[in-house]
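What follows is a single structure, written as structure tokens, with notes after it.
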Amino acid sequence: MTVIIDYKAGNTQSVMNVLDKIGEPYLLSCDPQDLIAAERLILPGVGHAAPAMKQLQKQGLDQIISHFEKPFLGICLGMQIMYEYSEEGNTACLGLIPGTIRKFIPSKSLKVPHMGWNDIDLDINQSLFKGLNERESVYFVHSYFADFEESSTIGITEYARRFSAAVRYKNFMGLQFHPEKSGKVGQTMIENFIKMK
Amino acid sequence: MLKKRIIPCLDIKDGRTVKGTNFINLMDAGDPAELAARYSEEGADELVFLDISATQENRQTLVDLVKKIAKEINIPFAVGGGIGDEEIVRKLLTNGADKVSVNSACIKAPNLIDTIAGTFGEQCLIVAIDARNINGQWKVYSHGGSRPTELDLFEWALQVQSRGAGEILFTSMDHDGTKNGFANTALKRLNEQSHIPVVASGGAGKIEHFTDLFLSTDVSAALAAGVFHFKEIGIGLLKHELAKAGIAVRKTD
């Protein structure tokens, strides 16, 4: 069963809605036993890195996630806290993916948050992107970003700089945008993810 | 490249979509969730639902509606209309709204902006501003444009930004309903002073108005109601024409 990690950080409802639409059964849980037994995990998230990490640690979920060997998908803040460190609240994160999350510096020519539909160039050899084109549009809302990194980036978006809009490091995958709000393209990614073993 | 967003706005009364001109001659226009799904299919980038009944009794109806809409569509949507406290914001967001739009309540108590942004994040907070040009000065109005305030549009916009608004939705009351085009001059100035996205509202009548807006200002999005409801402008055709004019829009099949 797919388990959505319930850690009081945001938009679990919209992830649940997409799974309902696809007809995929899931469990929303923060019980360590459920997470260990899961076929795959989804870590959603909207909000701030520091309280999100604190909540995971309080429930002892950070350790379980680190040892998880099946498909894992972090979304938005859920992806950011998969890195080693975030400038948001100077937070030590899960360290599943090497690298640091940094802030977009706003200016009159660079609106922050980076909000709206933007292009993403996908590594279409990834099973997560099966059935999609090399360039798609997806919906972003974020003020922090992960640098492009040869070893883990599987989707690149440009907003003042090239950043990592999709990552994969071993069994850990992350999407900076909101697949659950990105129309058919995003839904395809979720469908691909729930087929992964 | 970041796309310019096209945002249809749906007026909601007692859980139903209504259509009318300047809040007069309201007609029932059906189930908001169904209409939302149709706009989403046609290529809308985001939706705004404005609860024009906005009384306490209707709040649960609105929350139920939000839940239904969230199940129906998979593009972002915002809810506005009489939002005045943290509790209703929490209800709307946890039931599936991506953003809330707040107007009069934060004019009365600007701290509400800090509170909502601090609790739920800046990304979910649109501050809507209605203003009118009076002898060269843009004055802010509250309560659906019915009450003048002492606030200056540009000063107020800077204040809401510094307090934590994630977006500014500016409606020019001088242009709203005229179908003569957006308030491009004011929008350009507003956008240039802001480091958060600015959404333009008021005045859309034909496709050229959207093209003019995006060619003469760098605002992030355009919002309109009537022209989409009454099918005067098809969203698909609009985006096609914008793309032809060299404006970055999300392509939908």
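The values are calculated or read from the model by the stated rules, or taken from the named source; none is laboratory data. Note that the structure is predicted; figures quoted are calculated from it, not measured. Glycine also receives a Cβ, built like all others from the backbone with ideal geometry; neighbour counts cover every protein chain displayed. For the accessible areas, the whole protein counts, side chains as well, though only heavy atoms, and no ligand, DNA or RNA atoms are used. Shrake-Rupley method; radii C 1.70, N 1.55, O 1.52, S 1.80 Å.
Values as computed for the structure displayed
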quantity	calculated
Qualifying positions in the stretch A:124-140 - of a type outside the set (A, V, I, L, M, F, W, C) and either surrounded by fewer than 14 Cβ atoms within 10 Å (Cβ to Cβ) or not in a loop (DSSP other than H, G, I, E, B) (or both)	A:Asn125, A:Ser127, A:Lys130, A:Gly131, A:Asn133, A:Glu134, A:Arg135, A:Glu136, A:Ser137, A:Tyr139
Members of the stretch A:37-51 that are surrounded by fewer than 17 Cβ atoms within 10 Å (Cβ to Cβ) and in contact (Cβ under 8 Å) with a residue 40 or more places away in the chain	A:Glu39, A:Ala50, A:Pro51
Hits in the stretch B:116-134 (condition: over 18 Å from the mean Cα position of the chain (by Cα) and at pLDDT 95 or above)	B:Asn133, B:Ile134
Matching option when the condition is within 23 Å of A:Ile101 (Cα to Cα), surrounded by fewer than 22 Cβ atoms within 10 Å (Cβ to Cβ) and free of Cβ contacts under 8 Å to residues at least 60 places away in the same chain, among A:Asp34, A:Asp6	A:Asp6
Pair list, Cβ under 6 Å, 6 or more apart: the stretch B:1-21 residue away from chain A (no Cβ under 14 Å) and of a type in the set (Gly, Ala, Ser), other residue open to solvent by 40 Å² or more (accessible area, probe 1.4 Å) and part of a strand (DSSP E or B)	B:Gly20/B:Leu26
Extreme residue, farthest from the other protein chains (Cβ to nearest Cβ), among residues of the stretch A:103-123 that are within 27 Å of A:Lys170 (Cα to Cα) and surrounded by fewer than 17 Cβ atoms within 10 Å (Cβ to Cβ)	A:Asp123
Scope the stretch A:161-173; condition more than 14 Å from chain B (Cβ to nearest Cβ) and either hydrophobic (A, V, I, L, M, F, W, C) or closer than 18 Å to A:Lys103 by Cα (or both); matching residues	A:Ser164, A:Ala166, A:Val167, A:Phe172, A:Met173
Residue count, the stretch B:154-175 (criterion: in contact (Cβ under 8 Å) with a residue 40 or more places away in the chain, more than 14 Å from the chain's Cα centre (by Cα) and open to solvent by 10 Å² or more (accessible area, probe 1.4 Å))	3
Number of the condition not met by A:Tyr85 [criteria: (1) open to solvent by 50 Å² or more (accessible area, probe 1.4 Å); (2) at pLDDT 95 or above; (3) under 30 Å from A:Lys184 (Cα atoms)]	(3)
So B:Leu26, is it more than 16 Å from the chain's Cα centre (by Cα) and either open to solvent by less than 30 Å² (accessible area, probe 1.4 Å) or free of Cβ contacts under 8 Å to residues at least 60 places away in the same chain (or both)	yes
All helices (runs of 4 or more DSSP H) inside the stretch B:179-253 with 1 or more residues being more than 14 Å from B:Gly43 (Cβ to Cβ), among the hydrophobic types (A, V, I, L, M, F, W, C) and open to solvent by 20 Å² or more (accessible area, probe 1.4 Å)	B:207-216
Meets criteria (open to solvent by 50 Å² or more (accessible area, probe 1.4 Å) and hydroxyl-bearing (Ser, Thr, Tyr)) for B:Thr17	no
Any hit, the stretch A:52-69, residues being within 12 Å of another protein chain (Cβ to nearest Cβ), crowded, with 18+ Cβ neighbours inside 10 Å and of a type in the set (Gly, Ala, Ser)	yes
Residue in the stretch A:107-116 that is part of a loop (DSSP other than H, G, I, E, B), modelled with pLDDT of 95 or more and under 18 Å from the mean Cα position of the chain (by Cα) present	no
Odd one out for B:Cys124, checked against (1) open to solvent by 20 Å² or more (accessible area, probe 1.4 Å); (2) under 24 Å from A:Gly183 (Cα atoms)	(1)
